[in-house]
Each structure stands twice: as C-alpha cells, then as structure tokens.
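Inspection log for the structure reproduced underneath, given as structure tokens.
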Amino acid sequence: MPSTIEVEASAAVAQLALSEKASLGGGSSFWESSAARGVPSFVMSDGPHGLRRQEGSAADHLGLGASSPATCFPPAVGLGQSWDGELMERVGAALARESQDQGVDVLLGPGINIKRDPRCGRNFEYLSEDPFLTSHLATPWVNGLQGGGVGASLKHFAANNAEFDRMRLSSDVADRPLREIYLRAFERVIRDAHPWTVMCSYNRINGVLASQNKFLLTDVLRRDWGFQGAVISDWGAVGDRVAAVAAGLDLQMPGDTGFFNASVVDAVLNGTLDERDVDRAATAVARTALLARYHRRDVSVDYTVHHALAREAATRSIALLKNDGALLPLDRSGRIAVIGAFAVEPRYQGGGSSHVRVTDLDIPLTEIRAAAPQATVEHAVGFTTDGSGGSDALCSEAVERARNSDVAVVFLGLAESNESEGFDRDTIDLPVEQLAVLEAVVAVQPNTVVVLSAGGVLHLAPVHALVPAILSGGLLGHGCGAAIANVLFGAVNPSGRLTETIPLRVQDAPSYLNFPGEHSRAVYGEGTFVGYRGYDAREQEVLYPFGYGLSYTTFAFEDLAVEPGNDGLAVKVSIRNTGSTAGREIVQIYASKVDSAVSRAPRELVVVPCEVVNAG
Ligand code: BGC
C-alpha cells in the first residue's frame, strides 16, 4: 500500500465539514459506502467462498435476491479441511480477480469465528474449532485477496458463535477464553495480513453490543493489535450510531443512514461525542476508499480456469474417514449403484448471505460416469431432500440397484432447509429416512461407500457402524462432482483432515449445556475447553478426532527431534511414504505446558502445519 494513502485520507477529511464527515460514516446504498468531496465511495459484496454481487434493486443480506453468476469455491467448512495455506492463497487471489471483474472493492470475508458448538447454523462459513488453524488458513486467504487489490473484511468480530437470537444474544465469556480462543485468530490475521476492514458482529459480548463495544473495537483491536483499517458494522448491527462511533465503529451498513448521520452531527454539537472520533471514522472510511481506487483495474476472468481451481480445491477438501478392507479407491469397471438424491442435486454450499449463484455445477453422478466409462453406473434417488421424507418405493428401488451391483455409493447429508445462516440446529442427526435407506442398502450390499455433504458436523456413529468406507468434504462448492469422482476412483489420494471434532454424540460437546443460551445470554461455561481441548481434557472418547483423515497410502514419521531454535523450539521430523500410492501428509504439532499454574488443555495445536507431498 502506498504510504501516501494515509496522508491523502487525513488531508481529504481535514477539509470536510462536520456533516460531510458524518455522512462518510454511513453507507449510501445496500452495498456501497458514501462519497464526499475528495473521497470516492467503495463497493462491498458477500461472499466469501464466491462472489454474491447484487446490482440495482436486487439487494438483500439473506441470499434471497438475484446475484451475478460467480465461481463457487468450497465454503470454509470444506476448504479448511485442506489445511493448506498455499491453496487458500490461490483461492483468495481468484476471488480478487472475480471481484475486480464485477466492480467489487471489498469482499465481506473471511468468516473466522470459532466453531464452538456443532449445532451453530453458520459453522459452514467458519474454518475450525481451533484458533491457530483458523488463522493459519485465513491469513493466506486474505493475502491472496488483498494481493489482488481487493480488501477483506474479517468477520464477525467477535464471539459470534450461534445464530439463535443473534441480534441480541450476549456471549458471556471470561477473559482467558475470549483472548485465547475467540480473539486469537482475529489477532493473528490482523497482525500478519493487515485486512483493510473488520466487520463487527450482531451479538453482544459480556452485555455490550459488538458495534458499541469500546473494549473490542478500540482497546483490543486498535490499541493492542495496531489495526489501521476500517471497522464496518454487520448489516443492521448498529442501534445507536453515536455510541458506536465513540466505541470505534467507522462505517454503518447498509445505506439509508441519513437519520444516523444527523445524530452524529447533533451529538458533536451538543458535546456528547468528541469530533475526533468522527474524524477517526471518516479517515478510516476515506483510507479504504482510496485504497480501493488505487487498486481498481480492468481484469478479465477466465471462468474455466476458476472452475478448474474450484475442482482442485474441492478435491483437496475431502477427508477419508473410514476405509476398511481398502474398499476405496473403486475399480473403474463392473457395476456401481449410486444412491441418493444428492448425487444428482448436490448440496454444495450453505444458505443465507454467502449463497452464490454459480457459473457452473459438477453433478456427481455425471462425473462418476465420466470417470468410469467402462462401468455400469445406475442411480436410485433413495429418498427426497425436500422434507417430504422417503417412501417404500424409493427405498426398494435403491435396494434393488445395490443388490445387483458390485458396490454401492450412497450420498447422504443435510438439505439447505436443515441448516443455514439465521438458525441453529437442535440435533446433529441425519434425517431418519436416509439412515433407513442406508441400512436397507447395506443389508444387501456390504461393499457400500457413504459420501457425506453437510455444513455442520453430523452424528455419524450409526453410519460408521454400518459401512466400511466414508468420505466427507463438508460442502465442496461447484466442483463437488469432479472432486468426489477424483477421490472415489483414486485419481487423487485424499488428504483432507478434520478441522472440527466429530463426537460420538452431540451431548458430549463441551458446550452442550450452554448452547445456544437463554434469555438472550449464552454463558461460555466451558471456558478455554472448546472443541478438542474439551474432549481431551475430559478424556471423552470421540468418533473422529480433530485433525483426523486417512489416505490411500501410509506414512511413517521418523527421526523426530526437538531442538532449541532462534525463536523457541525447532521440530524436525522425516516423513516416509510406506505405501505404494503417491500421497500428501499434513504434519500437525501439538504442545502442552507441564506444571501450568492455570488450567490448560492437555494439548494444543501450535505449529504451522507443514504439508508434504510424497511419492509412493
Ligand atoms: C451477515 C454478514 C453479511 C451481511 C451482508 C449479514 O446478515 O451476518 O455475514 O456479510 O449480512 O449480507
């Protein structure tokens, strides 16, 4: 960023009248900031796993209205499973190109809230239950985006971990978990990637609305972490603009803020708001606008290349959860029964503000047929996903297909109506009709592979008990079909790793009794024991742990050495592919502190995981 932009922003604001400075603090429309003399406006858009660019009157923050077609990369729940910063950066750079192509200056993401409870309706937009992994993935994504000249908006700041009562809910969280778990990822991304903007959340933190929270927006964000950018409100998160500006908010969104702009002027004139706060807010908005103008350029996007990247990213997002008897990869010949509505109508992204209108969509059944032209591939719907449930006829058809095949591939998951922004789930169960079909299929076809698609963690114990092989990619974006076929037939060896623990039962989750809260309060009673920290500390058995994922090959970790390094400890390890298939391994290093004076998790992820591509 040219250093002159800071100077230019201050100079532009210095020559504005109070009313002009106040107006910079409110949007001019649903997606655009206001301009003033010497200060241009800038355009924002959802995302973040693809662009939801809305023009003209089709503006909403619920994902209902039309938007321009865009590439749909895997949402955070999928992409995070790659554990791969380099891939995140390439996706960020591609999103920058599409943003510039569509006249967008700031893409509203990434979402980096911690997955505190498996039932949070928006977990599909977040990366992990672990703050270190979250920042490890979000930092390169922001670098990729901003390196392409488009600003990020780190959201939702902060402790926004449930959708229930989201405009009022107070996240009542003690200092240590707040700093160590819920703020830590924000801190690292801000220090390392310098996002242009941060978006404050709807909820309250310890009773104070995020948009009016001086501790959060000024003391922590600016004073402790040195944030230089603009704080933008979530859409409709501001109740009292004067209190918000005093606390550290810079831009209230969306538009139609005339009343609030006037309230800022009045408050300065009657002495209840310091004009220096208005100047700070106006300067931050001006800085963002000038940055945007400086970086804006004409680009042309090759959407075919982006489709290929979406497929690659989706393939890398898939985690192999079970593979007894090396059932996978499948032969590309023989008879394959493909079962489930999701094979032809895939579930590949979440509902709400991040919902992208896709340029293209890979259908799993089509891709399976294309990958195995010698095989006889027959499909049965098995169950419906529109809430009408299953029927005996659909189930019988699935069973017949499975009986007459060498292998069955059953697509299970959640429909968009089961999970979305705006509400949490009561249960993490799969729909009963899906389990009923699976049971009936397995009874006639023991060689059954389950392919899962869902934005939130599922109760997989019954599935695990039934079938020898399970693949899960969370939500995979529009390259889902090719990605699933790549892994099913072994064109790519799966290397995804879970970013969130899959418990045996939802009741085992550390936050179980304190979610989503009541009377507009959620007590974060589990403290720092979030996710695997809590399961480990209580020696709770889980179905699949954080960081878990199998491969078609095996790796040996050898010659582990821990030595004093320049900045702490240096860990060295050799990794050898002991199988016959090329594969990718992710090294995860955890540490614990012996004799800690305060309670701590038995182990915490501490080192940037390094990835190893290893030929067999
Ligand atoms: C969501 C944000 C989103 C904004 C604009 C809000 O409802 O919480 O994530 O960026 O709408 O659509």
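What follows draws every value from the coordinates through simple rules; no lab data is involved. If you're wondering where the values come from, they're calculated on a predicted model, not measured in any experiment. Counting neighbours? That spans all protein chains shown, and the Cβs are built from the backbone with ideal geometry, glycine included.
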Rounded to one decimal in nm, the spacing of the 7 Å Cα→Cβ label points at ALA370 and VAL523 is 5.5
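Excluding ASP250 itself, calculate the net charge of residues whose Cβ lies under 10 Å from the Cβ of ASP250, where each Lys or Arg counts +1 and each Asp or Glu counts -1. Let's see the in-between values first.
On the way: positive: ARG280, ARG287; negative: ASP277.
Result for the neighbourhood of ASP250: +1.
Please figure out what share of the DSSP beta bridges in the chain is antiparallel and state it in percent, rounded to the nearest 5. Don't skip to the answer; put the middle values down first.
On the way: 31 of 70 bridges.
Of those bridges, close to 45 percent are antiparallel.
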By the C-alpha gyration tensor axes a ≥ b ≥ c (rounded if a/c is under 1.5, else prolate when a/b exceeds b/c, else oblate), the shape of region 555-613 is prolate
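For LEU62 and VAL344, compute 0.36 nm times the residue count separating them, minus their Cα-Cα distance, and round to one decimal in nm. Don't skip to the answer; put the middle values down first.
Working: separation 282, 0.36 × 282 = 101.52 nm, distance 2.56 nm.
Working it through step by step, the gained length comes to 99.0 nm.
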With a ≥ b ≥ c from the Cα gyration tensor eigenvalues, square-rooted, and the rule rounded for a/c under 1.5, otherwise prolate when a/b > b/c and oblate otherwise, region 54-96 is prolate
Taking a straight Cα-to-Cα line shorter than 27 Å from LYS115, and setting aside same-chain lysines fewer than 8 residues away, one finds LYS155, LYS214, LYS322, LYS593
Under 5 Å from the placed amide H of VAL338, counting only residues 5+ away or on other chains, we find GLU378, HIS379, ALA380, VAL409
Whole-Hz Karplus couplings 3J(HN,Hα) for region 297-309, θ = phi - 60° and coefficients 6.51, -1.76, 1.60, Gly and Pro as x, run 8, 7, 10, 10, 9, 8, 5, 5, 5, 5, 4, 5, 5
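Determine the dipole magnitude for region 318-495: charges of +1 sit on the beta-carbon of Lys and Arg, -1 on that of Asp and Glu, nothing else is charged, the reference point is the Cα centre, and the result goes in debye to the nearest 20.
Details: 9 positive and 20 negative charges, 106 e Å.
With only Lys, Arg, Asp and Glu charged at Cβ, the dipole is about 500 debye.
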Scaled by the rule-of-thumb 2.2 N^0.38 Å, the alpha carbon Rg for the chain gives a ratio of 0.98
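If r is the Cβ-Cβ distance from ALA17 to ASP192 and R0 is 51 Å, what FRET efficiency results, to the nearest 0.05? Display every interim value, and only then the final one.
Numbers: r = 38 Å, r/R0 = 0.75.
The pair ALA17/ASP192 has a calculated efficiency of 0.85.
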With +1 on the Cβ of every Lys and Arg and -1 on the Cβ of every Asp and Glu, the dipole magnitude of region 555-613 about its Cα centre, in debye rounded to the nearest 20, is 160
Summed over the other residues with a beta carbon less than 15 angstrom from that of ALA93, with K and R at +1 and D and E at -1, the charge totals -4
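Counting Lys +1, Arg +1, Asp -1, Glu -1, what net charge surrounds ASN123 among other residues with beta carbon under 11 Å of its beta carbon? If you can, show how the numbers build up before the last one.
Working: positive: LYS115, ARG116, ARG119, ARG122, ARG425; negative: ASP117, GLU125, GLU129, GLU163, GLU419, GLU421, ASP424, GLU500.
After counting each charged neighbour, the total is -3.
Between LEU504 and VAL571, what length in nm is gained on full extension when 0.36 nm per residue of separation is reduced by their alpha carbon distance?
Working: separation 67, 0.36 × 67 = 24.12 nm, distance 3.27 nm.
This chain segment gains 20.9 nm when fully extended.
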ARG357 and VAL305 label points (each 7 Å along its Cα→Cβ direction) are spaced in nm at 2.5
At R0 = 60 Å the Cβ-Cβ FRET efficiency linking ASP219 and ARG332, nearest 0.05, sits at 0.50
Computed about the Cα centre, the charge dipole of the chain from +1 Lys/Arg and -1 Asp/Glu charges at the Cβ has a magnitude in debye, to the nearest 20, of 680
Region 318-495: antiparallel bridges as % of DSSP beta bridges, rounded to 5, reads 20
In region 555-613, taking the dipole from +1 charges on Lys and Arg beta carbons and -1 charges on Asp and Glu beta carbons about the Cα centre, the listed residue (ALA601, LEU560, VAL573) farthest towards the positive end is ALA601
Rounded to one decimal in nm, the spacing of the 7 Å Cα→Cβ label points at VAL606 and ARG293 is 4.9
Residue span THR272 to SER580: 0.36 nm per residue of separation minus Cα-Cα distance leaves a gain in nm of 103.7 nm
